[in-house]
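The values are calculated or read from the model by the stated rules, or taken from the named source; none is laboratory data. As the structure is a computational prediction, the values presented were derived from the model and not from experiment. Neighbour counts run over all protein chains shown; Cβ positions are idealised from the backbone, glycine included. Just so you know, the surface numbers come from the protein's heavy atoms only, side chains and all, with ligands and any DNA or RNA stripped out. Shrake-Rupley method; radii C 1.70, N 1.55, O 1.52, S 1.80 Å.
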Amino acid sequence: MTSNYRICLLAGDGIGPEIMAEARKVLDALALRYDVAFLYDEALIGGCAIDETGTALPGQTIACAQAADAVLLAAVGGPKWDTTDPAKPRPEQGLLGIRKQLGLYTNLRPVQVFDALADASTLKPQIVKGVDLLIVRELTGGLYFGKRERIFDEPGSGANGSSGQRAYDTMEYREYEIERIARQAFDAARNRRGRVCSVDKANVLEVSRLWREVVHRVHEADYADIELEDMLVDNAAMQLIRRPADFDVIVTENTFGDILSDEAAQLSGSLGMLASASLGDGTALYEPTHGSAPDIAGRGIANPLAQIMSVEMMLRYSFGMNEAADDIRRAIMAVLDEGWRTGDIANAETPAERVVGTSEMGDLVASRL
Ligand code: IPM
Ligand code: MG
């Protein structure tokens with residue numbers, strides 16, 4: 001009997017629609033092979049939603065996501081909607097809103113360096129070769145969702161004692177929030193190389209001291225088989241480019257995870273190679289880690305591989321289609337081994353005829369499934 005999977009597609013802005021089209025090609029190719037039906041529901045998020053409805057996350061989009069078996073998102077944002085005015089809607093509110101609405105507190109960002117791309121990184125090939133790490137980023141707490149305020153006219157906050165503006169954001173974590181993300185990291189490590197590095201700033205931040213205590217408590221109680229190490233975030237930023245292959249699982253709070261995951265993406269040569277899964281207790285969401293790249297939008301040159309690898313994660317985590325997920329991985333590796341590159345992962349030695357656009361790259365992967 002054919003299984004049906006309902007997928008809420010949120011293409012968003014910039015290169016979003018272009019890379020989403022390639023993800024669909026891959027899904028459609030797999031549907032034929034595995035006798036499953038993927039049913040697509042498209043909805044608006046981000047800048048396009050603001051233009052259309054005045055808000056970055058319309059109620060219809062939330063309903064569409066909640067009704068689906070999984071959500072596949074591309075990217076949001078662009079200069080058209082950039083503003084520092086707190087009264088105006090911003091595309092990123094769509095992304096943060098859906099993470100919160102779906103309770104997606106676990107963000108998994110696997111970083112692997114494909115052998116074929118070891119020379120695409122700005123780091124030396126011998127440093128990035130064999131990198132295989134997983135960032136487990138807490139996604140619904142910390143500075144992103146803490147109490148914040150902009151005070152517009154405060155005596156003494158301007159220059160020379162005049163009245164001016166003041167703003168603050170707050171970083172806050174509750175024990176249960178730390179405990180559940182720590183468990184996710186330890187569980188993930190059990191299926192990998194059994195090592196967790198917990199990243200914090202416990203020499204300065206109270207939140208980090210609580211973080212460290214809770215992570216160790218969970219470790220001692222239930223995960224004594226896992227090797228646990230603490231690392232301060234500034235040091236982690238350095239070690240990530242100094243000896244990246246030594247890391248297995250990195251667990252950290254929302255903001256640190258945001259920053260470290262962009263840094264880690266560069267190990268694999270391009271932000272265009274990093275997929276992510278956001279999991280909670282209900283419907284999960286899958287998206288590339290990169291943004292909407294407005295500078296190259298509409299030109300057909302964006303790298304669709306992170307979007308396609310997000311499909312791979314969706315098949316694995318939401319649909320239990322591990323074989324199909326393995327097929328995607330193998331297809332991508334084959335295409336890269338044959339030397340095909342989008343512009344972002346090409347280098348001086350790449351023959352011009354092997355540099356392809358978004359749609360060709362999608363066709364290549366789909367044809368090798
Ligand atoms: C990411 C992005 C988002 C974040 C932005 C677009 C709000 O950078 O997913 O890493 O900061 O979480
Ligand atoms: Mg980011």
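Among the residues of segment 278-298, which ones are among the charged types (D, E, K, R), touching a residue at least 40 places away in the same chain (Cβ under 8 Å) and more than 14 Å from ligand 1 (Cβ to nearest atom)?
Of everything in segment 278-298, just one residue is among the charged types (D, E, K, R), touching a residue at least 40 places away in the same chain (Cβ under 8 Å) and more than 14 Å from ligand 1 (Cβ to nearest atom), namely D281.
Does A275 meet the test of being aliphatic (A, V, I, L, M), under 20 Å from the mean Cα position of the chain (by Cα), open to solvent by less than 50 Å² (accessible area, probe 1.4 Å) and within 16 Å of ligand 1 (Cβ to nearest atom)?
For A275, the condition - aliphatic (A, V, I, L, M), under 20 Å from the mean Cα position of the chain (by Cα), open to solvent by less than 50 Å² (accessible area, probe 1.4 Å) and within 16 Å of ligand 1 (Cβ to nearest atom) - is met.
Here's the yes/no breakdown for (1) touching a Ser or Thr at 6+ places or on another chain (Cβ under 9 Å); (2) open to solvent by less than 40 Å² (accessible area, probe 1.4 Å):
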{"position": "Q101", "(1), (2)": "no, no"}
{"position": "F114", "(1), (2)": "yes, yes"}
{"position": "D132", "(1), (2)": "no, no"}
{"position": "S157", "(1), (2)": "yes, no"}
{"position": "R166", "(1), (2)": "yes, no"}
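Would you mind finding the one in G194, G97, G130 that is among the small types (G, A, S), modelled with pLDDT of 95 or more and not assigned by TED's automatic domain parsing to the domain that holds A293?
Residue meeting the stated conditions: G194.
What's the number of the condition D281 fails, among (1) over 28 Å from Q66 (Cα atoms); (2) in a loop (DSSP other than H, G, I, E, B); (3) outside the structural domain of I135 (by TED's automatic domain parsing)?
Looking at each condition in turn, D281 falls short on (1).
Based on what the data block shows, is A325 over 17 Å from the mean Cα position of the chain (by Cα) and farther than 17 Å from L27 by Cβ?
So A325 fails the test.
Between T83, T122, which is farther than 20 Å from S270 by Cβ, assigned to a loop (DSSP other than H, G, I, E, B) and open to solvent by 10 Å² or more (accessible area, probe 1.4 Å)?
From the options T83, T122, the qualifying one is T83.
Out of (1) among the charged types (D, E, K, R); (2) within 20 Å of H216 (Cβ to Cβ); (3) free of Cβ contacts under 8 Å to residues at least 40 places away in the same chain, the odd one out for R180 is which?
R180 satisfies every listed condition except (3).
From the residues in segment 113-169 that are among the acidic types (D, E) and under 21 Å from S276 (Cα atoms), which one is nearest to ligand 1 (Cβ to nearest atom)?
E138
Looking at D222, D258, which is the one that is within 15 Å of ligand 1 (Cβ to nearest atom), touching a residue at least 12 places away in the same chain (Cβ under 8 Å) and open to solvent by 50 Å² or more (accessible area, probe 1.4 Å)?
On inspection, the qualifying residue turns out to be D258.
Among the residues in segment 151-165, are any free of Cβ contacts under 8 Å to residues at least 60 places away in the same chain, touching a Leu at 6+ places or on another chain (Cβ under 9 Å) and more than 30 Å from Q112 (Cα to Cα)?
no
Which one is nearest to ligand 2 (Cβ to nearest atom), of the residues in segment 227-252 that are open to solvent by 10 Å² or more (accessible area, probe 1.4 Å) and among the charged types (D, E, K, R)?
Checking each candidate, the answer is D234.
Taking E138, is it in contact (Cβ under 8 Å) with a residue 12 or more places away in the chain, of a type in the set (D, E) and assigned by TED's automatic domain parsing to the domain that holds S208?
yes
So which helices (runs of 4 or more DSSP H) stay within segment 13-74 end to end and still have 2 or more residues that are among the acidic types (D, E)?
Answer list for segment 13-74: 16-34, 47-53.
Is it the case, given these coordinates, that K25 is out of contact with any His (no Cβ under 9 Å at 6 or more places or on another chain), at pLDDT 95 or above and farther than 30 Å from M1 by Cα?
It is false that K25 is out of contact with any His (no Cβ under 9 Å at 6 or more places or on another chain), at pLDDT 95 or above and farther than 30 Å from M1 by Cα.
How many residues, within segment 262-296, are within 14 Å of ligand 2 (Cβ to nearest atom) and closer than 25 Å to C8 by Cα?
13
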